[in-house]
Amino acid sequence: EVQLVESGGGLVQAGGSLTLACAASGFTSDDYNIGWFRRAPGKEREGVSCITLSDGSTYYADSLKGRFTIFSNAAKTTVYLQMNSLKPEDTAVYYCAAEMSTFWCHVGSGLRYDYWGQGTQVTVSS
């Protein structure tokens, strides 16, 4: 059974950086995609970024491209989200999720993702 655990959230000042981690276990193959999503107060869930574990290809939401970077360790057991130049509007609970797929990943609403972590809070002060 796939299990995901997020960590690394916290309070940072606007313009600062923070790196989140998603520890994954229970994968039976490389045919999984890992996505990062976030949910801000009063807003619907928003796709942030994803990585296709089989080949390392990545996807970013257009509004975040250039500030956020997704990558995994060599064993593909942890996926990171490096966040730079943080803004107050980045404040949200960040979740990682996994889907079994042989196609390159994409993040939208997250309906295709089967497994979810518990989330980690990121707060960016002004």
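The values are calculated or read from the model by the stated rules, or taken from the named source; none is laboratory data. All of these numbers come straight from a predicted model, not from anything done at the bench. Cβ placement follows ideal geometry from the backbone for every residue including glycine, while neighbour counts extend to all protein chains displayed. These area figures cover heavy atoms from the full protein model, side chains too; ligands, DNA and RNA do not enter into them. Shrake-Rupley method; radii C 1.70, N 1.55, O 1.52, S 1.80 Å.
Details
- Checking each residue in segment 1-38 for being surrounded by 15 or more Cβ atoms within 10 Å (Cβ to Cβ), not in a loop (DSSP other than H, G, I, E, B) and not small (G, A, S) picks out L4, E6, V12, L18, L20, C22, Y32, N33, I34, W36, F37, R38.
- Residue in segment 23-31 that is among the charged types (D, E, K, R), more than 17 Å from V5 (Cβ to Cβ) and modelled with pLDDT under 95 present: yes
- Residue match in segment 113-126 (condition: hydrophobic (A, V, I, L, M, F, W, C), in contact with a helix residue (DSSP H, G or I) (Cβ under 7 Å, 6 or more places away or on another chain), open to solvent by less than 60 Å² (accessible area, probe 1.4 Å) and more than 11 Å from Y32 (Cα to Cα)): yes
- Qualifying residue in segment 26-38 (condition: touching a Cys at 6+ places or on another chain (Cβ under 9 Å), under 12 Å from T120 (Cβ atoms) and not basic (K, R)): yes
- Yes/no for D62 being open to solvent by 60 Å² or more (accessible area, probe 1.4 Å), under 20 Å from Y32 (Cβ atoms) and of a type in the set (D, E, K, R): no
- A count restricted to segment 70-104 and to residues that are in contact (Cβ under 8 Å) with a residue 60 or more places away in the chain, under 14 Å from V48 (Cα atoms) and over 12 Å from the mean Cα position of the chain (by Cα) stands at 2.
- Residues that are closer than 21 Å to G10 by Cβ and either touching a strand residue (DSSP E or B) at 6+ places or on another chain (Cβ under 6 Å) or not in a strand (DSSP E or B) (or both) occur in segment 51-65; there is at least one.
- Residue that is modelled with the lowest pLDDT, among those in segment 78-112 that are among the hydroxyl-bearing types (S, T, Y), open to solvent by less than 50 Å² (accessible area, probe 1.4 Å) and assigned to a loop (DSSP other than H, G, I, E, B): S101
- Among the residues of segment 39-59, those that are in contact with a Ser or Thr (Cβ under 9 Å, 6 or more places away or on another chain), closer than 21 Å to S85 by Cβ and open to solvent by 40 Å² or more (accessible area, probe 1.4 Å) comprise E46, T58, Y59.
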